[in-house]
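Student: Below are the structure tokens for one structure; questions will follow.
The values are calculated or read from the model by the stated rules, or taken from the named source; none is laboratory data. This one's a predicted model, so the numbers in the text were calculated from it and none came from an experiment. Neighbour counts run over all protein chains shown; Cβ positions are idealised from the backbone, glycine included. These accessible areas exclude ligands, DNA and RNA; they are computed on the full protein's heavy atoms, side chains included. Shrake-Rupley method; radii C 1.70, N 1.55, O 1.52, S 1.80 Å.
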Amino acid sequence: RSSIFVPVSHHSHGSPFRTTIAADTDTVVDTEPKYHTTMKFGSFLLAFLSSHIVTAFSPASQRSISTTGAIETRMFSSSSGEASSEKKASGHAPRHDTGAPPADISPEEMKTQTAFAEHQQNVPKLGFAVDVRTLVEYNHGFAVISTNSKAKEGYPNGSVVGFAPDEDGNPIFVFSGMSSHTQDLLVDPKCSLTVASKQFKGAADGRVNLMGQVKLVPHEEKEALKAVYLKKHPDAFWVEFGDFNWFRMDIERINFVGGFARAGSVTPEEYQKCKPDAISAFGVHIASHMNDDHMESTIAMIESQVPGLNAKEAVITSVDSLGMYVKVTRSPVDSEEKQQFKMRLPFPRPANDRKEVKDIIVEMTRAAASSASE
């Protein structure tokens, strides 16, 4: 059995990790991972590594697979379309089988995928900590809290609750004393809060799980917390009810899934040090406008940055100060099978306000049109 070591830049952590390609099994194994996970694609031979992101041309009909900053990628090594059982390699997570048959890739398609991989490795991104802080800040203010059940010992109790992040990003709550999750927390404050992005519709969209302890706050802090909560929930008249009490989560662990092939964790210290991205506060409105009225411009921008991608649909899922995430649907030139994946489309420079975002997108659209006409 032979192996090839390939250095891959891991920008967010300041040092490279090594990747091992096992020649007899077409397996790529990160040998110094921060996170451990696996992807397996049945139809395509490339997965793309970059800072906390792996993007691959996977069939739209297949299950989406979330992966992390350090990746083990395994392709089908046989012609059988049957799903193989998951096996655990030492020190690595189980492998995921999409059940798709193998497929040959033409030199032209290989060239396109390689160009895409190189493009995605070098694009600027906010970074995981800012992404997480931004998602929590601009969420609609509701999430699922999972507590340890008082009524059914050993079982989790899930509830949809309102929350608002304080200035450090810690969720604050106002709970009725009659609620089951309140009773649970008074016995055992350990819990988790699962927060989805405001525009969450499926696996391509971001979500965060915050784990920690939720405890009653001191009486002298209640008025300040009330102002923060009412800013997020202006119609929350129940904050004045006598049987409602104020709680705050002290975060101990954070797990993040940013969409297809983008997952990992950040420390509470990293999370609390950073600030939410200002552009993301209204980025969803820009994305909606572009998706409704200017999708052809988004497709043109993609094609200008990665020629030959041949996107048929491009849905912007988020806009931040450094660029956009786009859910792309395409068909390779040598296949009719649709592929769907998430792509980072960078701005040529950071944007500081709404006008600058508009100016940059107009500039990018014109540049793409000019490139297409050459």
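Student: Taking the Kirkwood radius as the inverse of the mean 1/r across Cα pairs, report the Rg/Rh of the stretch 308-357.
Tutor: When Rh is taken as the Kirkwood radius, the ratio is 1.11.
Student: Give me the net charge for the shell around K222: Cβ to Cβ below 12 angstrom, other residues only, Lys and Arg +1, Asp and Glu -1.
Tutor: The answer is -2.
Student: Could you compute the net charge surrounding M295? Neighbours are other residues with a C-beta less than 13 Å from the C-beta of M295; K and R count +1, D and E count -1. Please report the intermediate quantities before stating the final value.
Tutor: Numbers: positive: K312, K327; negative: D292, D293, E296, E303, E313.
For residues surrounding M295, the net value is -3.
Student: May I ask for the percentage of alpha-carbon pairs in the stretch 137-216 that lie more than 15 Å from each other? Before the final figure, lay out each step's value.
Tutor: Values: 1744 of 3160 pairs.
Of the Cα pairs, 55 percent sit more than 15 Å apart.
Student: Under a 1.4 Å probe, what is the accessible area of the stretch 110-242 per residue, stated in Å²?
Tutor: 49 Å²
Student: Starting from the stretch 124-184, pick out the trypsin sites (Lys or Arg not before Pro) whose DSSP state is loop and whose Cβ has at most 11 other Cβ atoms within 10 Å.
Tutor: Hits after loop and neighbour filter: K152.
Student: Now for a different question. So, with a 1.4 angstrom probe, what is the percent of accessible area on the stretch 214-369 that is carbon and sulfur?
Tutor: With neighbouring chains kept in place, the figure for the stretch 214-369 is 54 percent.
Student: So which of K190/K342; K327/K358; K125/K222; K152/K327 end up more than 30 Å apart, counting from Cα to Cα?
Tutor: Details: K190/K342 34 Å; K327/K358 20 Å; K125/K222 37 Å; K152/K327 42 Å.
Long pairs (Cα-Cα over 30 Å): K190/K342; K125/K222; K152/K327.
Student: In whole Hz, with x marking every Gly and Pro, tabulate ³J(HN,Hα) for the stretch 107-124 from phi via Karplus 6.51 cos²θ - 1.76 cosθ + 1.60, θ = phi - 60°.
Tutor: These are the phi-based 3J(HN,Hα) values: x, 5, 5, 4, 4, 5, 5, 5, 4, 5, 4, 5, 4, 6, 5, 9, 6, x Hz.
Student: Work through the residues other than F341 whose Cβ is under 9 Å from its Cβ and net out their charges, Lys, Arg +1 and Asp, Glu -1.
Tutor: Its environment carries a net charge of +3.
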